Amino acid sequence: MKHKGLEESNIIKLLKQKKKSDIGFNKVLSTMCTKPHPIAIKAHLMFIESNIGDSGLFPGTSSMENTVITSLSQLLNNKNAYGYITTGGTESNIQALRSIKNISDSTNPNIIVPESAHFSFDKISNLLDIEIKKASLDNSFKVDLKSVKKLIDHNTIALVGIAGTTEFGQIDPIESLSEIAIKNKLFLHIDAAFGGFVIPFLDKKYIFDFLVPGVTSISLDPHKMGFSTIPSGVILFRNKMFLDNLETSTPYLTSKSQYSLTGTRTGATVAATFAVLKYLGQEGYSKYVEYCMYLTNKLISGAHKIQIYPLIDPVMNVVVLQVNKPEEVRNYLREKYGWYVSITRNPKCLRIILMPHITENDVEHFLIDLEKTVEYLK
Ligand code: 0PR
């Protein structure tokens with residue numbers, strides 16, 4: 001740090017320069033985030049200094065958090081769910097498993113997650129000292145129930161199901177996982193970080209939430225398909241016991257205890273999430289999901305025309321395309337045409353997320369560039 005500070009205009013100039021080299025969202029088909037809704041940005045800025053880590057100083061912000069938790073609990077079919085606004089899917093998953101570990105009395109606990117689980121579960125293994133057993137997938141890239149059953153032993157404390165897998169956008173068979181969990185007296189955490197703001201608004205109905213009796217917790221992220229600002233996630237628990245098991249006393253704060261992972265906790269994303277939920281309502285979210293699914297279907301039918309086929313019929317706005325030399329295709333698309341796509345791990349395919357910042361025109365141009373790329377790399 002220099003001894004003397006700079007003038008504001010110089011700082012703004014610097015910031016503009018830095019912002020210019022960020023890619024942002026233009027031609028970005030690899031991200032599960034999108035531009036926050038303008039109302040979320042407004043709310044975020046209004047509450048930029050709010051810290052609900054010391055919630056007694058910010059009762060207004062705190063009441064917005066309660067409203068968000070109640071609204072999302074209702075959306076996921078449990079009027080009595082408990083939870084809080086986290087920094088995203090990783091924190092939500094950590095907290096769900098931390099609570100489960102605290103409740104269970106195993107000295108050497110393990111959990112069973114699908115092979116398709118997000119890498120946040122590898123962090124959980126390391127942080128919480130829980131063994132992570134990975135169940136294989138079936139040919140539609142859902143978790144294979146036989147594999148799950150085989151992995152259960154007397155140290156297993158929980159199963160994890162994914163509603164909207166990071167790579168395939170697939171939904172695990174949550175009702176069957178619930179039956180296995182109940183039969184074996186295991187907790188069942190659902191990672192709906194991506195799918196939580198998609199599945200309830202799809203035309204086709206999938207049962208993945210608290211309606212399923214064995215489901216004990218669900219993560220869903222307002223900063224993905226929820227149009228809120230980063231960092232906002234939500235963890236919901238079926239009942240209060242789970243939250244109680246995360247409680248830490250905070251003797252010198254305005255509140256007696258905390259159950260969040262972080263201490264100081266921004267209220268800005270709480271306000272942003274509150275505002276965008278109020279603004280869009282279920283109707284607004286349904287329209288966005290309908291738009292993303294329209295783009296998804298447009299991409300799939302365009303791909304068919306150039307003899308490129310999806311690995312699975314897309315369930316949500318995640319498309320996995322089978323191409324030869326996927327890494328080279330990805331690199332060429334970026335270097336030659338400026339498109340950002342990613343690659344799935346197993347099998348290696350192109351992964352494309354049709355987020356609301358993508359336009360119809362983008363999809364058309366992408367298909368043209370994809371055809372030229374595949375032709376060039378033949
Ligand atoms: N669970 C699932 C199913 C996820 O897809 C993700 C993130 C997480 C948990 C973790 O959420 P946080 O990253 O909020 O902690 N999925 C995306 C991914 O890893 C996140 C992402 C978003 C990555 C934007 C890149 C990007 O540009 O692919």
Only bridges whose two residues both fall in the range 38-278 count here: according to DSSP, what percent of them are antiparallel, nearest 5?
45 percent
Most mobile of LYS204, LYS240, LYS123 in a GNM of the chain (Cα contacts under 10 Å):
LYS204
What ranking of THR262, THR344, THR269 emerges when the number of other C-beta atoms within 10 Å of each C-beta is taken as an exposure proxy, fewest first?
THR262, THR344, THR269
Subtracting the Cα-Cα distance of SER176 and SER249 from 0.36 nm times their residue separation yields 22.5 nm
What shape does the chain take by its C-alpha gyration tensor, where a ≥ b ≥ c are the square roots of the eigenvalues and a/c under 1.5 counts as rounded, a/b above b/c as prolate, and the rest as oblate?
oblate
FRET efficiency for LEU377 and TYR279, Cβ-Cβ distance as r, R0 = 51 Å, nearest 0.05?
0.70
Using Cα springs under 10 Å in a Gaussian network model of the chain, which residue among THR254, THR216, THR165 shows the largest mean-square fluctuation?
THR254
Subtracting the Cα-Cα distance from 0.36 nm times the residue separation, let me have the gained length for GLU327 to ARG345 in nm, one decimal.
5.4 nm
Which residues in the range 208-245 place their backbone N less than 19 Å from a point set 7 Å from the Cα of LYS256 along the Cα-to-Cβ direction?
240-245
Is there a pair in LYS101/LYS150; LYS305/LYS336; LYS325/LYS378 whose C-alpha atoms are over 18 Å apart, and which pairs would that be?
LYS101/LYS150; LYS305/LYS336
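Values in this text are rule-based calculations from the coordinates and carry no lab data. Keep in mind that this is a model prediction, so the values were computed, not measured. Methodologically, a virtual Cβ is constructed for each residue, glycine included, from the backbone with ideal geometry; neighbour enumeration extends over all protein chains shown.
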